[in-house]
Amino acid sequence: MLDENLLQERLAQFNPEPLVDTSHNKPKECIESYTIHEDEYNIDLAKTNFLNFLDNEEIKQSAENIIRKYGVGTCGPRAFYGTTDVHLDLEQRLADFLHMSDSIVYSYGFVAISSSIAAYCKRSDTVFLDKETNFPILQGVIASKSKIVYFDHNDPNSLRREVEKVIKNEKKPSRKFLIVEGVSWKTGKLLPLEEFLKVAEDYKIRIFLEESYSIGIYGDHGKGLTEHFNIDPSRIDMIIATLEAAFGSIGGFCAGSHLTIEHQRLSGAGYIFSASLPTFLVQACIESIRLMEDRPKQIRAIAREFQLFLEETCQYKVDSDPECAFKVFSVKEENGRKEKEEIIHSYCKQNGVHFLITEGGLMINLSINTFTNKSRLEKVYKVLENASKL
C-alpha cells in the first residue's frame with residue numbers, strides 16, 4: 001500500500017502537459033467585441049443574413065405558432081423524445097429540395113459537418129482535403145483519425161496528382177474520401193465541381209460536398225452547386241451544410257441516400273448525444289425553403305454589382321467568386337497590407353459601416369434588404385470608396 005506522504009509528494013510533483021496549447025490565445029480583454037444597433041447611421045455587414053430571412057415577419061409568426069404548440073425545446077436527443085413531426089417534415093423537405101433520397105437534421109451547424117464526416121471516415125481511410133479547408137471539416141477528419149492528404153486550393157489537377165501518389169505508395173488499398181466546399185469559407189471561391197467529380201469517379205473516391213455558403217445562393221432555386229452546374233445529385237455521396245447562413249436559422253443537415261443517412265442516425269455523435277433542434281427553429285427552416293422563390297437570383301445580381309464596385313471603383317483585390325454572397329477582399333499593395341486594411345476597417349467602423357477583418361483580408365456579408373435600400377446602399381458605397389483613398 002502506497003504511503004500517504006509519498007502519495008502526496010508525487011501528486012505535488014505531477015505536472016502534465018496541457019491537452020490544448022493556449023499560449024497563442026489572446027486574453028479575453030484583448031478581443032474586441034461590440035453590439036451593432038442598426039439605424040440610419042449604422043449598417044451591419046458582419047451579420048450573415050443574405051436572403052433577409054432573419055427579418056421576415058412570416059417566419060417569425062410561424063415560429064411563434066410552433067412555440068405555442070410545442071414549447072421552446074424537446075430537452076432530449078432525437079432518439080429519446082427529441083423527434084417531432086416538424087423535424088421529420090424538415091428532413092423530407094430538405095431531401096426533396098436537393099433531389100436526394102433522405103436527409104438528417106442536427107442541432108448545430110458545426111456538429112452537422114464534423115459528425116457526419118466522423119461517422120464514415122475511419123483510421124484506415126485516406127481523406128483528401130483542400131489546403132484552405134474550413135475548421136468544421138478539419139475537426140471532423142481529425143476526430144476520425146484518418147490519414148489526411150492536402151491538395152492545392154480548388155485545383156483538381158493537384159488533387160489528381162496527390163491521389164496518384166497515394167495509390168502508388170500504399171501497401172494495400174484503402175477507402176478514399178474527397179471532402180470539398182461548394183464555396184470556400186475562407187476565400188469565397190467557387191468549386192469547379194464537375195472537374196472534381198471527374199477525378200473522384202476515375203479513382204472510385206467517395207465525395208462529400210459541404211454547401212453552407214452555396215445552398216440558397218447558387219442555382220435558380222437556391223439548390224446549390226448541383227443546380228448551378230446542372231449535375232445529377234446522385235453523383236455525390238453526401239451534401240452537408242449549416243442552416244445558419246442562407247436559411248437564417250440554427251442547426252445543420254446532411255443529405256444523401258437512405259442508407260447513408262440511416263447510418264448517421266446510429267453513429268452520428270452530434271445526432272445521438274445532442275438535444276434536438278428546437279421545433280420553432282426547425283419551422284423557420286421550413287418557411288425559408290417555402291419562401292426562397294427568386295431570392296437566390298436577387299442576391300447573385302447584388303453580388304455581381306458589388307464586386308464590380310470593389311474592383312473598379314475602389315481598386316480592391318477581390319478573392320470571392322463574382323456571385324458569392326460574401327466578399328473577401330484586400331488592398332493590392334503587398335507592403336504594409338495588413339496595416340492599410342486595419343486603417344480601412346477602422347475608418348468604415350467609425351463611419352457606421354461595420355464588417356469583418358480576418359487573416360485573409362476584409363470580409364463583407366451581403367443582404368438583399370441593405371443592398372436594395374437606396375440610401376443605405378449609397379452610404380456603403382461612399383464610405384468604402386473614401387476608405388480606399390486613405
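General remarks:
- Karplus-derived HN-Hα couplings along region 241-254 (A = 6.51, B = -1.76, C = 1.60, θ = phi - 60°), whole Hz, x at Gly and Pro: 6, 7, 9, 9, 10, 5, 6, x, 9, 10, x, x, 8, 9
- The alpha carbon centroids of region 233-296 and region 15-38 are separated by 30 Å.
- Taking the Cα centre of region 140-248 as reference, the dipole from Cβ charges on Lys and Arg (+1) and Asp and Glu (-1) amounts to some 780 debye.
- Label-point separation in nm, Leu88 to Glu57, each point 7 Å along Cα→Cβ: 3.5 nm
- Global geometry of region 193-282, whether rounded, prolate or oblate, following the gyration tensor of its Cα atoms and the 1.5 cut on a/c: oblate
- With all protein chains in place and a 1.4 Å probe, the accessible surface of the chain carries 52 percent carbon and sulfur.
- Within the shell defined by Cβ-Cβ distances under 14 Å, the residues around Val111 carry a net charge of -1, with Lys and Arg each +1 and Asp and Glu each -1.
- Counted as membrane-span-like here are DSSP H helices of the chain whose alpha-carbon atoms extend 24 Å or more along the helix's own axis and whose Kyte-Doolittle mean is 0.0 or above; there are none.
- Here the dipole of the chain is about 740 debye; that uses its Cα centre as origin and unit charges on the Cβ of Lys and Arg (positive) and Asp and Glu (negative).
- Springs join every pair of Cα atoms under 10 Å in this Gaussian network model of the chain, and among Gly182, Gly82, Gly140 the largest mean-square fluctuation is at Gly82.
- Semi-axes of the equivalent ellipsoid for region 66-178, Cα gyration tensor, largest first, Å: 36, 15, 13
- Rounded accessible area of Phe355 (nearest 10 Å², 1.4 Å probe): 10 Å²
- Kirkwood Rh, Cα atoms: Rg over Rh of region 126-183: 0.96
- Potential lengthening of the chain between Thr358 and Asp96 amounts to 90.7 nm, from the contour at 0.36 nm per residue minus the alpha-carbon distance.
- The local environment of Arg175, defined by Cβ-Cβ distances under 12 Å, has a net charge of +4 under the rule Lys, Arg +1 and Asp, Glu -1.
- Taking each residue as 0.36 nm, the span from Glu194 to Arg10 lengthens on full extension beyond its C-alpha to C-alpha distance by 60.2 nm.
- Between Glu244, Glu323, Glu164, the Gaussian network model of the chain with springs among Cα atoms under 10 angstrom shows the greatest mean-square fluctuation at Glu164.
- FRET efficiency, Ile167 to Ile142 (Cβ-Cβ, R0 25 Å, nearest 0.05): 0.60
- DSSP loop trypsin sites (Lys or Arg not before Pro) with at most 10 other Cβ within 10 Å: longest gap in the chain: 205-331
- A simple spin-label model places pseudo-atoms 7 Å from Cα toward Cβ; at Arg235 and Arg290 they are separated by 3.4 nm.
- Residue-span extension gain [Gln298 to Ser174] - 0.36 nm each, minus C-alpha spacing: 40.2 nm
- Choice from Tyr106, Tyr34, Tyr218 with maximal GNM fluctuation in the chain (Cα, 10 Å cutoff): Tyr34
- Of interest is the spacing of the C-alpha centroids, which for region 39-101 and region 138-192 amounts to 32 Å.
- Sites Lys332 and Glu378, calculated FRET efficiency, Cβ-Cβ separation with R0 25 Å, nearest 0.05: 0.50
- Set Lys28/Lys327; Lys189/Lys389; Lys145/Lys189; Lys47/Lys349 screened for pairs whose C-alpha atoms are more than 18 Å apart: Lys28/Lys327; Lys189/Lys389; Lys145/Lys189
- For region 1-102, the mean projected area of the C-alpha convex hull, equal to one quarter of the hull surface, is 16.2 nm².
- Region 272-350, dipole about Cα centre (Lys/Arg Cβ +1, Asp/Glu Cβ -1), debye to the nearest 20: 140 debye
- Region 1-89: GluC sites (Glu not before Pro) falling in loop per DSSP and having at most 14 other Cβ within 10 Å: Glu32, Glu38, Glu40
- Measuring how big region 233-390 is from its alpha-carbon positions, Rg and Dmax come out at 19.7, 57 Å.
- Placing dummy labels 7 Å off each Cα toward the beta-carbon, the span from Asp21 to Asp220 is 5.2 nm.
- Tensor-based shape of the chain (alpha-carbon gyration tensor, a/c under 1.5 rounded, otherwise prolate or oblate): rounded
- A 1.4 Å probe run over region 234-283, with the rest of the protein chains in place, finds 33 Å² accessible per residue.
- Heavy-atom surface of region 147-203, accessible at 1.4 Å and reported per residue (Å²): 51 Å²
The values are calculated or read from the model by the stated rules, or taken from the named source; none is laboratory data. Since the structure is predicted, the reported quantities are computational estimates derived from the model, not experimental observations. Note that we place each Cβ from the backbone using ideal geometry, even for glycine, and neighbour counts take in every protein chain shown. Areas reflect the complete protein model, heavy atoms only, side chains present, ligands, DNA and RNA absent. Shrake-Rupley method; radii C 1.70, N 1.55, O 1.52, S 1.80 Å.
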